[in-house]
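S.K.: Quick one: this structure, given as structure tokens, is what I'll be asking you about.
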Amino acid sequence: MKLGSICNLLHAYKEAEYYLIESIYCGHASKNILFQLGLAYGGQKKYLQALMALKESLNYSLDDPILHYQLGAIYQEMFIFDLAIEEYKIYSEAYKKDPIVYRLIGDSYVHLKNYQDAIINYRKASELYNYKDILSLYNLGNCYFELKDFKNAAKYFKSVLRINYDHAETHASLIPTYINLNKYKEAKKECDILYMLDRNSYNSIGHCIN
């Protein structure tokens, strides 16, 4: 068990799998061993095996929020986003101050094209990060853009630039946002900035090279 856990910490997941399965064969199956085995499988992208190990571990403790978090992560890797959300929400009930889980829930809602619920969770994450997390703010901008609320999209994209003005992806996203707001001068300015920051991105945007 200890060797398996140590190997997981060292990201030596194949070795961890070997030691943990040996422990199970020796009759030492437990919640923690199965949990560590799930992590070892997940680290090797063996998601179905990881899911089975974590679910078996859950039989020992149905209300363990950490297990539900890991199940959410596995479901997300398997593109089963509705189940990922369910598992993450169980975790978030126990850890209401963890901003990462709200961002992960938001990501899952985006994959389901449920941008309104994604916004709710990205806002929670952003608030817990004291509005200093670029990824949460940028994702909020993208969600509003998808909803064609270009004014709010621009608001959040500009919030990102107040933290890091060299964030090329945000400058790129502001270009179509400003065009949809009929702010062509601002869009041209963003093209010029993007040209200096990321030439490949600039060349991929038709609004800039046409």
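S.K.: Out of everything in the stretch 106-134 that is out of contact with any Lys or Arg (no Cβ under 7 Å at 6 or more places or on another chain) and of a type in the set (A, V, I, L, M), what residue ends up being surrounded by the most Cβ atoms within 10 Å (Cβ to Cβ)?
M.R.: Applying the filter and picking the extreme gives A118.
S.K.: If you don't mind, there's one more thing I want to ask. Being assigned to a helix (DSSP H, G or I) and among the aromatic types (F, W, Y) is the filter here; which residues of the stretch 151-210 pass it? Write out each step before concluding.
M.R.: Within the stretch 151-210, the subset assigned to a helix (DSSP H, G or I) is 151-163, 168-180, 184-197, 199-204, 206-209.
Y156, F157, Y178, Y184, Y195, Y202 - these are the residues of the stretch 151-210 that are assigned to a helix (DSSP H, G or I) and among the aromatic types (F, W, Y).
S.K.: Here's a follow-up. Quick check on this structure: which one of K113, K132 is in a loop (DSSP other than H, G, I, E, B) and either under 30 Å from L58 (Cβ atoms) or in contact with a His (Cβ under 9 Å, 6 or more places away or on another chain) (or both)? Walk me through how you get there before you give the answer.
M.R.: Values: K132 fails: either under 30 Å from L58 (Cβ atoms) or in contact with a His (Cβ under 9 Å, 6 or more places away or on another chain) (or both).
Checking each option against the conditions leaves just K113.
S.K.: Now a separate question. Where in the stretch 1-96 are there helices (runs of 4 or more DSSP H), lying wholly inside it, with at least 1 residues that are modelled with pLDDT under 95 and of a type in the set (D, E, K, R)?
M.R.: Output list reads 2-9, 13-25, 31-43, 47-58.
S.K.: Being of a type in the set (V, I, T) and over 23 Å from I134 (Cα atoms) is the filter; apply it to the stretch 76-106 and report the residue that is nearest to the chain's Cα centre (by Cα).
M.R.: Across the stretch 76-106, the extreme among qualifying residues is I80.
S.K.: Another question, then. Every residue in the stretch 158-183 that is within 20 Å of G206 (Cα to Cα) and without any contact (Cβ under 8 Å) to a residue 24 or more places away in the chain, please. Outline the logic, then answer.
M.R.: The first filter runs over the stretch 158-183 and keeps only residues within 20 Å of G206 (Cα to Cα), leaving 167-183.
L174, N182, K183 - these are the residues of the stretch 158-183 that are within 20 Å of G206 (Cα to Cα) and without any contact (Cβ under 8 Å) to a residue 24 or more places away in the chain.
S.K.: Let me ask something else about it. Residue pairs, Cβ under 8 Å, 6 or more apart or interchain, first in the stretch 24-37 and not assigned by the TED database to the domain that holds Y69, second among the acidic types (D, E) and assigned to a helix (DSSP H, G or I). List them.
M.R.: L34/E56; L37/E17
The values are calculated or read from the model by the stated rules, or taken from the named source; none is laboratory data. Keep in mind that this is a model prediction, so the values were computed, not measured. Note that each Cβ is placed from the backbone with ideal geometry, even for glycine, and that neighbours are counted across all protein chains shown.
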